[in-house]
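J.: This is the structure I have questions about; it appears just below.
The values are calculated or read from the model by the stated rules, or taken from the named source; none is laboratory data. Everything quoted here is computed from the prediction, not taken from an experiment. For neighbour counting, all protein chains shown are included, and Cβ atoms are generated from backbone atoms with ideal geometry for every residue, glycine included. In case anyone asks, the SASA skips ligands and DNA or RNA and just uses the protein heavy atoms, side chains included. Shrake-Rupley method; radii C 1.70, N 1.55, O 1.52, S 1.80 Å.
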Amino acid sequence: MGRARLAEIDLPDFGMPGPRPEIPGAVYPARLARLRERAAADGYDRIVVYADREHSANLAWLTGFDPRFEEAILIVGPDDDPAILVGNECFGMAGAAPLPMRRILFQDLSLPGQPRDRSRPLAEILGDEVGPGRRIGVIGWKTYADRSAIEAPAFIVDELRRLAEPNGVVENATDLLIAAADGIRVINEVEQLAAMEWAACQTSSGVRRLLVGLRPGLTEREAVRLLEWDGTPLSCHLMLSAGPRASLGLLSPGDRPIERGDRFTVAFGIWGALNCRAGFAVEDAAELPADARGYIERLVGPYFEAIAEWYGALHVGQRGGVLQEIIDRRLGDPFFGIFLNPGHQIGLDEWVNSPIAPGSAIELRSGMAFQVDVIPATGTALFTTNIEDGLALADATLRAAFAAGYPAAWARIQARRRFMAEALGIDLHADVLPFSNIPAFLSPFLLRPDRAMTLAD
């Protein structure tokens, strides 16, 4: 692999999709059937899925319904339609979900101060739907080494445990959906992948518009409007900050004007995609703060070379530990400050799980979707640099289904692959489907978006 250099590169217009590809209604009963099969294999009598507004991805993926303002509880038995417990405001919305569900009003899921006069006590509802002495798996949104740890409200878990006594058990079963190796939700159908490519087009094109339109004097709030968020549900809050605040990374935009020489970072995520870039609001190295000289040589160049090798190692069957080793070998010096997994699975939520960890023997599978996510936190005047883009892995069968079902998206994917090979010097395995419209395109000097890092001659 050659050395990274900064060059003038024409980033093509890869095009934008039309309407978002819909997930066919038949997909949701199929997902439910897969959950029931896995639950039975693990010995569960009932599965209880808890969701709130922040942590709704598991429920939304399974049913097509995500609670707004309120919480929701899904109870899945071995047969019949599952029961969905909802509050005052979501009762109607739950009835429009593509998965048939029996709606049960449970008003304690409603907002504070709202009526609580028309629903039965939770003990009575769970007694009917779950029954005594069962083995119950609770799906929240995280897994733990100790399966007794459950991140659902105590008033739900306590009642389930009371029901299970003396011979039953209540435990965390979130791994059924999000286990990094084989969780039901980490292996995507072609329809879901098409929706994720659509989402990546929205976020990556938004970030591109922002970087092209970035100017000193714009306030952070004015700059974030360049993303043109259209109301599609966010997977995380919009992040944009400049100057001293940018080092904190996760902050929302404020009213401070962006100044020449500022540190700058932006991240934009909706269901199925997120893109992030970071750098300095300058045109060239001469405009960097005096203590940030050597930015390209010390940070951006080595970082881009590491990302390029990471991309090149991706394929179905690759072990997560191999990807970790690449980043450890290239960016393991404490200067780079990398402490999170170098890449993770993405879904409706920004971070589903990650098979990429030291020594991980987990093999990447066809249908998995990933986010390139290697974040230096130098803690120095060199600040950071960042490429966060989405992609999927697909074997020959899945690739053929994608190309046949979504030819326009497939053409965009192939154009991105050619660009990465020819303009950036990053050769991808046939299994790798880049979804971003700024694929591995890294402009460290943000006021010159026509100059980016490359390994190509």
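J.: Sort out which residues of region 221-243 are surrounded by fewer than 14 Cβ atoms within 10 Å (Cβ to Cβ) and either touching a Gly at 6+ places or on another chain (Cβ under 6 Å) or modelled with pLDDT under 95 (or both), and write them in order of number.
T.: 228
J.: What pairs can you find where one residue is in region 393-404 and modelled with pLDDT of 95 or more, the other is among the acidic types (Asp, Glu), and their Cβ atoms are less than 8 Å apart, with a gap of 6+ or different chains?
T.: Matching pairs, first to second residue: 393/431; 394/431; 395/431; 399/431.
J.: Answer yes or no: is there a residue in region 189-204 that is assigned to a strand (DSSP E or B) and either touching a Leu at 6+ places or on another chain (Cβ under 7 Å) or closer than 22 Å to residue 355 by Cβ (or both).
T.: no
J.: On to the next question. So which of 188, 167 ends up being on the phi < 0 side of the Ramachandran plot and crowded, with 21+ Cβ neighbours inside 10 Å?
T.: 188
J.: Scan (1) assigned to a strand (DSSP E or B); (2) more than 24 Å from the chain's Cα centre (by Cα) for the single condition residue 277 breaks and write down its number.
T.: (2)
J.: Could I ask something else about it? Could you say which residue among 387, 413, 375, 426 is open to solvent by 50 Å² or more (accessible area, probe 1.4 Å) and of a type outside the set (Gly, Ala, Ser)? Walk me through how you get there before you give the answer.
T.: Values: 387 fails: open to solvent by 50 Å² or more (accessible area, probe 1.4 Å); 413 fails: open to solvent by 50 Å² or more (accessible area, probe 1.4 Å); 426 fails: open to solvent by 50 Å² or more (accessible area, probe 1.4 Å).
The conditions single out 375.
J.: If a residue must be more than 15 Å from residue 216 (Cα to Cα), touching a Pro at 6+ places or on another chain (Cβ under 7 Å) and either among the β-branched types (Val, Ile, Thr) or assigned to a strand (DSSP E or B) (or both), how many such residues does region 247-274 contain?
T.: The total comes to 1.
J.: Still on this model: Give region 387-428 a look and list any residue that's touching a Leu at 6+ places or on another chain (Cβ under 6 Å) and assigned to a loop (DSSP other than H, G, I, E, B), or say none.
T.: 394, 425
J.: Pick from 366, 360: which is in contact with an Asp or Glu (Cβ under 8 Å, 6 or more places away or on another chain) and at pLDDT 95 or above?
T.: 366
J.: Any residue in region 15-30 that's touching a residue at least 40 places away in the same chain (Cβ under 8 Å): show its pairings with residues that are assigned to a helix (DSSP H, G or I) and of a type in the set (Gly, Ala, Ser) at Cβ separation under 7 Å, as long as the two are six or more apart or on different chains.
T.: 16/205; 17/408; 17/409; 20/195; 21/194; 21/195; 23/195
J.: Kindly provide the set of residues from region 286-299 that are touching a helix residue (DSSP H, G or I) at 6+ places or on another chain (Cβ under 9 Å), part of a helix (DSSP H, G or I) and open to solvent by 20 Å² or more (accessible area, probe 1.4 Å), ordered by number.
T.: Hits for region 286-299 are 296, 298.
J.: Looking only at region 83-98, count every residue that is touching a Ser or Thr at 6+ places or on another chain (Cβ under 8 Å), closer than 14 Å to residue 59 by Cα and part of a loop (DSSP other than H, G, I, E, B) and tell me the total.
T.: 2
J.: So residue 283 passes all but one of these: (1) open to solvent by 20 Å² or more (accessible area, probe 1.4 Å); (2) assigned to a helix (DSSP H, G or I). Which condition number does it fail?
T.: So residue 283 meets the others, but not (2).
J.: For region 80-93, check the following and say yes or no: at least one residue is in contact with a Pro (Cβ under 6 Å, 6 or more places away or on another chain), hydrophobic (A, V, I, L, M, F, W, C) and either open to solvent by 40 Å² or more (accessible area, probe 1.4 Å) or closer than 23 Å to residue 174 by Cβ (or both).
T.: Within region 80-93 (the criterion being in contact with a Pro (Cβ under 6 Å, 6 or more places away or on another chain), hydrophobic (A, V, I, L, M, F, W, C) and either open to solvent by 40 Å² or more (accessible area, probe 1.4 Å) or closer than 23 Å to residue 174 by Cβ (or both)), the answer is yes, since at least one residue qualifies.
J.: Scan region 103-157 for residues that are open to solvent by 70 Å² or more (accessible area, probe 1.4 Å), out of contact with any helix residue (DSSP H, G or I) (no Cβ under 9 Å at 6 or more places or on another chain) and either among the acidic types (Asp, Glu) or not in a loop (DSSP other than H, G, I, E, B) (or both) and jot them down.
T.: Hits for region 103-157 are 124, 128, 146.
J.: I've got another one for you. Failed condition for residue 315, given (1) buried (at least 19 other Cβ atoms within 10 Å of the Cβ); (2) under 22 Å from the mean Cα position of the chain (by Cα); (3) closer than 21 Å to residue 428 by Cβ; (4) not acidic (Asp, Glu), with all others met?
T.: With (1) buried (at least 19 other Cβ atoms within 10 Å of the Cβ); (2) under 22 Å from the mean Cα position of the chain (by Cα); (3) closer than 21 Å to residue 428 by Cβ; (4) not acidic (Asp, Glu) applied to residue 315, the lone miss is (1).
J.: Scanning region 40-49 for residues that are farther than 14 Å from residue 178 by Cβ, outside any loop (DSSP other than H, G, I, E, B) and touching a residue at least 60 places away in the same chain (Cβ under 8 Å), which turns out least open to solvent (accessible area, probe 1.4 Å)?
T.: Kept after step one, since they are farther than 14 Å from residue 178 by Cβ, are these residues of region 40-49: 40-46, 48.
Cutting the leftovers down to outside any loop (DSSP other than H, G, I, E, B) gives us 40-41, 46, 48.
Now drop any that are not touching a residue at least 60 places away in the same chain (Cβ under 8 Å), which leaves 46, 48.
Values: 46: 39, 48: 3 Å².
By that ranking, first place goes to 48.
J.: Another question, then. Hey, can you tell me all the residues within region 4-39 that are among the hydrophobic types (A, V, I, L, M, F, W, C) and either surrounded by 13 or more Cβ atoms within 10 Å (Cβ to Cβ) or closer than 26 Å to residue 161 by Cα (or both)?
T.: 4, 6, 7, 9, 11, 14, 23, 27, 32, 33, 35, 39
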